[in-house]
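Take a look at the structure below.
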Amino acid sequence: MSFEVILQELAEKIGADGAVMLDYDAEKVASYSESTTSDIDLIGAHHAVILNIIKGITAEKDKNGDIKSVIIMTENAKLLITAIKDGYCLIIAMGKNRSTSLAVNEAEDAVRQIELEMG
C-alpha cells in the first residue's frame, strides 16, 4: 500500500483535514489533504522541527524515554506529530472538535503500516 493511501485512509478515519509524512530533513515524502487549498505540506515542515526539539530536551532528562507523539492544540485546531522510525514523522492537522484519542490510536496503526512499507 502506498504512503499516500495510508495517509488518506488515516485522515478519513479520524476526520482530519490532512496528513503529511516527512523524512529526517523535514522534506515531504507523501501527503494527503481533503482540500486543494490546504497548506498541509508547509504545516508539516515547520512542526517536524518541534518534534525534534522536544525529543532532544527529553533525551537530556530521561535516557530511557523516547517521544512517540506530541499534540498541539490551538483555539481552532489540533496538530498531532508522531514519530516514525529513522527520524521520519507524521503530522496530522484536524479541527478542534476531533477526537484526540482516536487520532493517536489511528496514527499508531498508520505508523506501523508505514514502517512496514519502508522495510
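Using modelled backbone amide H atoms (1.01 Å from N, in-plane), which distant-in-sequence or interchain residues come within less than 5 Å of V29's amide H?
Here M21, L22, D23 satisfy the definition.
Under 10 Å from the Cβ of R98, count the other residues' Cβ atoms, weight Lys and Arg +1, Asp and Glu -1, and hand me the total. It would help to have the intermediate numbers written out before the result.
Numbers: positive: K78, K96; negative: D17.
Charge balance in the 10 Å sphere: +1.
Sequence-distant or interchain residues sharing an amide H contact under 5 Å with D17, placed H: which?
Here the answer is A93, M94, G95, since their amide H atoms fall under 5 Å of that of D17.
Work out from phi, with θ = phi - 60° and the Karplus expression 6.51 cos²θ - 1.76 cosθ + 1.60, the ³J(HN,Hα) of each residue of the range 72-86, listed in order in whole Hz, and give x for Gly and Pro.
Computed from phi, the couplings for the range 72-86 are 10, 10, 10, 4, 10, 8, 10, 10, 10, 10, 10, 6, 10, 4, 6 Hz.
Can you compute 3J(HN,Hα) from phi for each residue in the range 95-109, using the Karplus curve 6.51 cos²θ - 1.76 cosθ + 1.60 with θ = phi - 60°, rounded to whole Hz and x for Gly and Pro?
Those phi angles translate into x, 5, 8, 6, 6, 5, 5, 4, 4, 5, 4, 5, 5, 4, 5 Hz.
Just so you know, all these numbers are worked out from the coordinates, no wet-lab data involved. No experiment lies behind these values; they were computed from the predicted model shown. Positions of Cβ are backbone-derived with ideal geometry, glycine not excepted, and every protein chain shown enters the neighbour counts.
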